[in-house]
Amino acid sequence: MDKKFLSQLIVVAFVAASVSFLVSGPVVHANVITDFLHQLETLVPGVANSGMTAPTASSTPAVAQYQSTDVHEQAVIAAVKKTSQSVVSVIISKDVPIIEQCPAANPFGDLPPEFQQFFGGSGTQYTQPCQKGTQKQEVGGGSGFIISSDGLILTNKHVVSDTQAEYTVFTNDGKKYTAKVLARDPVQDLAVLKIDAVGLTPLQLGDSDGIQLGQTAIAIGNALGEFRNTVSVGVVSGLSRSITASDGFTGSSESLSGLIQTGAAINPGNSGGPLLNLQGEVIGVNTAVASGAQNIGFSIPINDAKRDIASVEKTGTIQVPFLGVRYIQLDSTIAKQENLSVQNGALVRGDSTGPAVVSGSPADKAGLQAEDIITKVDGTAIDQDHTLGSLIQKHNVGDTITLTVLRKGKTITLTATLEAQKTS
C-alpha cells in the first residue's frame, strides 16, 4: 500500500473520529479513537507509537458549592451537615412463604365423561396455590439515630414491633449492621437497638421542654423506606398534642400524648428519625403523620426518651414507672354525661381489659378505688394537656407521688410509690 495514501487515510480517519468526539462527548468517543489506533497498529506497526495519540478529555473543573447569604439557610445547612452521619436506616426482614402453583385434582372428576368436555376434558391439568418453603424478604423500613458511640440506636417501637422479624441497620456511609432490639417501651412508642460498632458519632440531645411555637424544625429519615437521609424543614406548629396512631398494616393502634406537632414533612419510613433544631440538637423522635393532611407530623419530645436511654445504658432494659389504674380522661362532655362535679381529671374505672385498680399495684397499695377521680399529681392539675399517664411518665421507678383524689364528693390525699412495669 502506498505510504502517502496510507498517511492521508490516517489523517482523514483521525479527523473524523475527533469531530465525533467533539460533537458527542468525551467518554464514548475517546474510546473509539483509542480502538482505531490499536487496529491501525496491527496494519502498520509503529504507527500508534509514532507520536499520534488519542486526545484525552480535559479534567472537569471543580464545581463550587453553593454559598448561602441567608443566615437561616446557613443554619439549616450546618445542622444537616452536623447530624446526617448519625441518622440510620432500619430495614425489616422476615421469612415469608413462597407460593407456587402445584398440581391439583380435577375438581370436575365426579361428573359423567360426557359433561367433562365442557370443563376442559380429561387431559386438562389443574393447579392450585401451595407453599414451597420460605424465603427471607424485606418487608418494611424505618429510621433511627445513634445515641452512643458504641452502637446504641433510638427508634420507634412500632418500627421494630415484630419479634419474629430480623432488623438491619445501614449507616450513612453505607455500612451494614445486624441490629438487636435491646428494649421496647411498653408505654411510649420508643425502642432501643444495638449494633456491633464503635467510634460512632451520637447526636446531641436537646431540651424539648424549652421549644417554642414557630421555631424551625428539621426532620431527617429514610423516607418511604427507600430514600435515605431525606431532609425536610418546617416549624414547630403545635405542642402537647394527643393522637391515636395506627400502624396501617396490622390494624393495631395506640394513644400518644404530649407530642410535638411539626410542619416538617414526615413520610412513611421517617418513623424513628430525629426532629432537630437549628443547632443540630434532637428535640423529638418522629413517630406519626396525619393521613389526608399536608405536612402535619408528630414527634415524641426527646425529654420523654431520655429516661429510656438512661435506663438502657444502666440496666440494659427500659424501666417504666407504673401506677396500676385504668381510667377515663375527663372533659366537659363526659363530665356532663356522668353528672360529675368536675370537668377535668382521671376517672378510675375498669373496662373489658381489666379492673379499675390492678391488684397488688402501687395504686392498690395506696388505697385508690374504682370511681375515684384523680385531679392532681404532685400538685399539677390533670387536664387535656396533662394526662395522668403523661404526668406519671415524668417520674422514675421508685419515686413517691402525691395524688389528690375526689371520692364521693370529698377531697382526699393519697401517696403511691411507683414500681417498674414489665417490658418486652
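Just so you know, all these numbers are worked out from the coordinates, no wet-lab data involved. Because the structure is a prediction, the values reported are computed rather than measured. Glycine gets a Cβ as well: all are built from the backbone with ideal geometry, and neighbour counts include every protein chain shown.
The table for this structure:
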quantity	calculated
12 Å Cα-Cα reach of Lys410 towards aspartates and glutamates, excluding residues that sit fewer than 8 places from it in its own chain	Asp372
Set of aspartates and glutamates with alpha-carbon distance to Lys81 below 15 Å, sequence-local pairs under 8 removed	Glu73, Asp173, Glu281
Most to least packed among 381-390, 368-377 [average Cβ atoms within 10 Å]	368-377, 381-390
Label point distance in nm, Thr353-Tyr126, each placed 7 Å from Cα along Cα→Cβ	4.8 nm
Cβ-based net charge around Ala366, under 12 Å, with every Lys or Arg adding one and every Asp or Glu removing one	-2
Cross-link pairs beyond the 28 Å C-alpha cut-off, checked among Lys94/Lys314; Lys176/Lys394; Lys132/Lys157; Lys82/Lys194; Lys175/Lys394	Lys94/Lys314; Lys176/Lys394; Lys132/Lys157; Lys175/Lys394
Cβ crowding within 10 Å averaged over residues, with 405-418, 182-195, 63-76 ranked highest first	182-195, 405-418, 63-76
